[in-house]
Amino acid sequence: RFVSQRAAAVPRDSRPRGGQRLARISTASSFSSSRRDFTMPHFRVTYVVSAPDEAGAREIVDALCLEQTVELPLALVPPGTWINEHVVAKCESLRRRLHQPVKPSEPGDTRWDAVVRYNDDTSGNELPQLLNVIFGNTSIKENVMVDDLVLSSALLGKFLGPRFGTAGLREVLGVMKGPLLMTALKPMGTCVAKLAEMAYHFAKGGIDVIKDDHGLANQKYAPFEDRVRACCAAVKKANLETGRNCVYAPCLNAPAHLVVSRARFAKACGAGAVLMIPGITGLDSTRLLAEDPTFGLPIICHPAILGAMLGGGSEETCRGFSHKVLLGVLPRLSGCDATIFPSFGGRFGFSEKECADILDGARRPMGSMPPILPCPGGGMTMEKIKTMSVAYGEDVCFLIGGSLIGHSPDLVNNAKHFMKIAGREDLYGPLESGHGGYRSYPSAHVPHADPSELAKLKQQMVTMEANLTQVTDMYLASEKSRVEEKKHAKAVYESSLLNKDKEGGHHKPDHHEPHRPGPGDTLAKGVAAPPTPVDGNYSKVFNRPSPDDWTWDRIPLEMYKQDGGSFKGCSRYELLGKRGESTVFQVRYFECEPGGWTTLEHHRHEHAVIGLRGVGEIQLGYHVYPIGVGDVGYTAPGDTHQLRNTSVTEPFGFVCVVAADRDRPVEVDPGVFLKSAAAKHALQYGMRNTLETQAKHAQAHSKQSHGAVAEGSACEYVPGRKKAAAAVESGSACEWTPGKKH
């Protein structure tokens, strides 16, 4: 109590002079606030500080506590104030580090471990701000390194984390034991056909993950869309021949507004994973993709550019992030399922201890987040596999590129050689018969393909082919947009010539001069404004081609879901809210063909529907109501609901407005729902026949697909995308206040 009172007595306008005074004040603050603020959820960061003595280290840490939170002198946020007690970080411990540098960078380079506690609220429960609080401005300073990060269970719960992790990746690839194997398609400058040929041979030889080299983007040698189509088809062909589940992972090194659209394109083409470069495109763009249930593919983290943020190394630098945090903890927190890093013994100089630290970050307990797969690579050769196996264990994915390509001209044999030295037993897939020098099993135990598994595989291929229709629509919409932009430019040019003719009378076009109307000029009648952007937080308009055409310019038609077991004849257009707009809601247009219906489901969020075309009906709980053009329906949280087309000749279309941040819908079995409704209520006319028809449809589809059902819903669960923190100005038509319904 004495220490707390003495610290609180410091005048508000006083300025601490010297490191000793500052250390005393902030230490006292730590003691007092730890008692007052102990029950608040916190996360802890361990910093390594370089200073000649404890007093110097304490001065650095006390300054860090202020810099990373309020960025003000202590005199302006003195102990005893609410901000000091609840916002300013507190140093919990400071001790001399056990491991000291072998070659100190300068005299007095002694290392200290400081554990600093932050209130969870300082992070805003968002990844970008969390990173800002952890290191923000202090990253610009010298003599400080982030060594470890431990989040509270409450804060961990704000992030979905890896969707698959190590165990999930093994299930996707069908490899339940032994190390996984990865290689890269390279070099930059190789044409699409050659890259696809390489992908086919690698998959044919059994390489589990065939990824783009991180240098492959959208260059003219191998444009992204052409490359993804070809490589997906090549790996698919190999899988059909071998029975394996090898995957192709294209690189999403793209401009910010294209990352998600390229990811969706890759999935629609049949990619089995994607390669992200968080150092370039951002950790939060990775998190956004990982938490999107309509995407749902494994994400592999590549370390390009992150090296600039690393501390340690052969010089034992005291700045940046530790290998554990930057290449283990943060990729995992952002939702990556695997993390690539240079192994010791390669061309990048990582030490064995630094690689072990990365393993710790990738595998240690982090709430409900699964461990992620370490992928050591970086100039490694096949001769070093045995040494790497000892260091990394079985749950690892070995990445070898150049050594695998250069081993011999026969890439299939090279791949099988890679499998053999890695200790894999499945040298041949379920549909192959072992021959030559490699065998997966003794001849008496060669596994036979399970007919049900083959049927599932065929159904997946059918779904994949259906997805290609979506890809084609996306491509055609893009081409249509380009044509319209050219038409607009031509119209502007012709208008400028017309105006000059009226003013001067005899203007002849000069093809070398710019043809743009100047300020104050009037464009010719009929010259439209330039098309608004599709992606990004810009004002925009999407027009329909004609009153009878229920499509929207530059917006592709999308599937309602990937399987038709719970619905029939539905499609959708994502109009607003999913292409970078800062709305707290999303606007979608759904259409049911004659006799079609949406999924019968319920969820915790609400949504509104407005009839735009045809006639239909909406199931709300145990009751059914008609919905026509201009009619409005509201679904309250928890109510079982469904929309159906009651016409036999005309489509039924409606707009659905739903919150951007919402829970995952729960499908309701129409047969079970019918029994429940009949036990409690008299059924409206037609309801029994409708639900019985749906139950038969679902049962028939389940038999046809052998139980393989794809994820997805008309309501599309999107976690963690609340826009309330954007502080919408009062009075706006889009105003939204947390905890208040408008």
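Computed from the coordinates by the stated procedures, all read-outs in this text should not be read as laboratory data. These numbers were taken from a predicted model, which means no experiment stands behind them. All Cβ positions, even for glycine, are placed from backbone atoms using ideal geometry, and neighbour counts span all protein chains on display.
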- line: region 543-608: spread of alpha-carbon positions along the three principal axes, whole Å, largest first, is 31, 30, 21
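Quick check for me: using +1 on Lys/Arg Cβ and -1 on Asp/Glu Cβ, what's the dipole size of region 63-112 about its Cα centre, in debye to the nearest 20?
Values: 6 positive and 6 negative charges, 74 e Å.
Here region 63-112 has a charge dipole of around 360 debye.
Just the ratio, please: alpha-carbon radius of gyration of region 293-439 over 2.2 N^0.38 Å, N its number of residues. Present the calculation step by step, with values, prior to reporting the outcome.
Working: Rg = 16.9 Å, N = 147, 2.2 N^0.38 = 14.7 Å.
For region 293-439, the normalised Cα radius of gyration comes out at 1.15.
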field: Nitroxide proxy distance, nm - points 7 Å out along Cα→Cβ at Arg554 and Ser408
entry: 5.4
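Can you tell me the FRET efficiency between Thr381 and Val102 if r is taken as the Cβ-Cβ distance and R0 is 30 Å, rounded to the nearest 0.05?
Numbers: r = 28 Å, r/R0 = 0.94.
So, using R0 = 30 Å, E works out to roughly 0.60.
Give me the extension gain from Glu315 to Trp82: residue separation times 0.36 nm, minus the current Cα-Cα distance, reported in nm with one decimal. Can you show the working numbers first?
Details: separation 233, 0.36 × 233 = 83.88 nm, distance 4.23 nm.
Answer, rounded to one decimal: 79.7 nm.
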- request: Distance from a point 7 Å along Cα→Cβ of Asp121 to each backbone N in region 128-170: keep the residues under 19 Å and list them by number.
  value: 129-134, 152-158
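Can you give the local net charge around Val390? Use residues other than it whose beta-carbon is closer than 13 angstrom to its beta-carbon, Lys and Arg +1, Asp and Glu -1.
Numbers: positive: Lys384, Lys386; negative: Glu352, Glu394.
Counting the neighbours of Val390, the net charge comes to 0.
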- request: Over all alpha-carbon pairs in region 306-356, figure out the percentage whose distance exceeds 17 Å.
  value: 32
message: Beyond a 30 Å Cα-Cα separation, which of these cross-linked pairs lie in this structure: Lys186/Lys416; Lys177/Lys204; Lys194/Lys578; Lys324/Lys386; Lys236/Lys353?
response: Lys194/Lys578; Lys236/Lys353
field: Percent breakdown of C-alpha pair distances by 10 Å bin, ordered from the shortest bin, for region 220-271
entry: 26, 50, 20, 4
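Grab the beta carbon distance between Asp109 and Ala608, set R0 = 60 Å, and tell me the FRET efficiency rounded to 0.05.
Details: r = 63 Å, r/R0 = 1.05.
The computed FRET efficiency comes out at 0.40.
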query: How many nm separate the modelled label positions at His488 and Glu425, each set 7 Å beyond the Cα in the direction of the Cβ?
result: 6.2
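Can you tell me the length gained on complete extension of the stretch Gln684 to Arg364, counting 0.36 nm per residue apart and subtracting the Cα distance?
On the way: separation 320, 0.36 × 320 = 115.20 nm, distance 5.61 nm.
Full extension of this stretch gives 109.6 nm more.
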message: Out of the GluC sites (Glu not before Pro) in region 42-142, which ones are loop residues according to DSSP with at most 15 other C-beta atoms within 10 Å?
response: Glu71, Glu142
- prompt: Do any trypsin sites (Lys or Arg not before Pro) in region 184-262 lie in a loop, going by DSSP, with at most 13 other beta-carbon atoms within 10 Å of their beta carbon, and if so which?
  reply: Lys220
- prompt: With each label point set 7 Å from Cα along the Cα-Cβ vector, what nm distance links Met176 and Lys141?
  reply: 5.3
- line: Gyration tensor on Cα atoms of region 90-229, a ≥ b ≥ c root eigenvalues, a/c under 1.5 rounded, else prolate if a/b beats b/c, else oblate, says prolate
- line: Surrounding charge for Gly313, neighbours by C-beta under 13 angstrom, Lys/Arg +1, Asp/Glu -1, total -1
